[in-house]
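Since the structure comes first, as structure tokens, the remarks are kept for the end.
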Amino acid sequence: METSAHAALWQRIADHHIGPADASLSFTARLARENRWSPEHAGRVIGEYKRFCYLAMTAGHEVTPSDAVDQAWHLHLTYSRDYWHVFCPEVLGGDLHHGPTQGGPVERERYYRQYADTLAAYERAFGEVPPADIWPDAHRRFSVDPQGVRVNISGVILLQRRVALALGLLVLVTGWLAGRMM
């Protein structure tokens with residue numbers, strides 16, 4: 001942290017509790033539930049979201065969150081009274097707007113560059129490399145993570161691709177063997 005103002009900003013961010021303290025479903029629990037994360041991982045993501053907010057206010061350039069951090073940001077935005085009436089004016093000392101990409105190759109290049117700049121700013125500000133499980137490399141951030149979709153798992157079975165392929169091959173071989181035995 002560079003200045004006493006930055007240190008004070010970081011302290012306000014770190015101390016801020018998102019959402020009502022007496023809620024039966026806390027912000028951390030909701031983030032965990034909506035992303036199928038453990039409560040511990042959701043708590044770590046919230047810590048990284050707070051670091052992202054600090055960078056957004058101090059880096060001196062636009063910053064881009066990881067997908068996990070973006071999930072925390074999206075959820076925080078739904079706590080609109082906290083976000084717009086407390087967090088931005090009282091904690092951050094200014095607005096922090098969320099601006100999604102407009103798409104296309106120019107935007108893709110811009111966000112790749114911003115993400116690299118964000119990771120570099122993180123290292124300068126916090127003196128350590130961002131945790132890779134929350135801040136993956138740019139390829140994963142912009143090519144793999146955006147393919148995620150929200151799925152209601154109550155009526156489906158989700159399998160990893162390799163498990164589904166192995167089961168399919170097993171069924172095929174079993175059927176072929178059964179046909180040869182008859």
Residue within the range 162-178 that is part of a helix (DSSP H, G or I), at pLDDT below 80, of a type in the set (Val, Ile, Thr) and out of contact with any helix residue (DSSP H, G or I) (no Cβ under 7 Å at 6 or more places or on another chain) present: no
Residue list for the range 30-78, restricted to those being of a type in the set (S, T, N, Q) and touching a Ser or Thr at 6+ places or on another chain (Cβ under 8 Å): 64
Residue in the range 10-28 that is touching a His at 6+ places or on another chain (Cβ under 8 Å), more than 20 Å from residue 91 (Cβ to Cβ) and of a type outside the set (Phe, Trp, Tyr) present: no
Residue within the range 99-106 that is under 23 Å from residue 46 (Cβ atoms), touching a helix residue (DSSP H, G or I) at 6+ places or on another chain (Cβ under 9 Å), not in a helix (DSSP H, G or I) and not acidic (Asp, Glu) present: no
Test: residue 123 is acidic (Asp, Glu), at pLDDT below 95 and either within 19 Å of the chain's Cα centre (by Cα) or more than 19 Å from residue 10 (Cβ to Cβ) (or both): no
Out of 66, 38, 80, sole residue that is of a type in the set (Gly, Ala, Ser) and touching a Lys or Arg at 6+ places or on another chain (Cβ under 7 Å): 66
All positions within the range 12-49 that are of a type in the set (Lys, Arg) and farther than 16 Å from residue 73 by Cβ: 12, 33, 36
Some residue of the range 116-128 being touching a Pro at 6+ places or on another chain (Cβ under 9 Å) and touching a residue at least 24 places away in the same chain (Cβ under 8 Å): yes
Flag if residue 143 is more than 22 Å from residue 18 (Cα to Cα) and surrounded by 10 or more Cβ atoms within 10 Å (Cβ to Cβ): yes
Single residue of the range 125-171 satisfying the filter (basic (Lys, Arg) and touching an Asp or Glu at 6+ places or on another chain (Cβ under 9 Å)) that is farthest from residue 71 (Cα to Cα): 140
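The values are calculated or read from the model by the stated rules, or taken from the named source; none is laboratory data. As the structure is a prediction and not an experimental result, all values here were calculated from the model. Please note: Cβ atoms are built from the backbone with ideal geometry, for glycine as well, and neighbour counts cover all protein chains shown.
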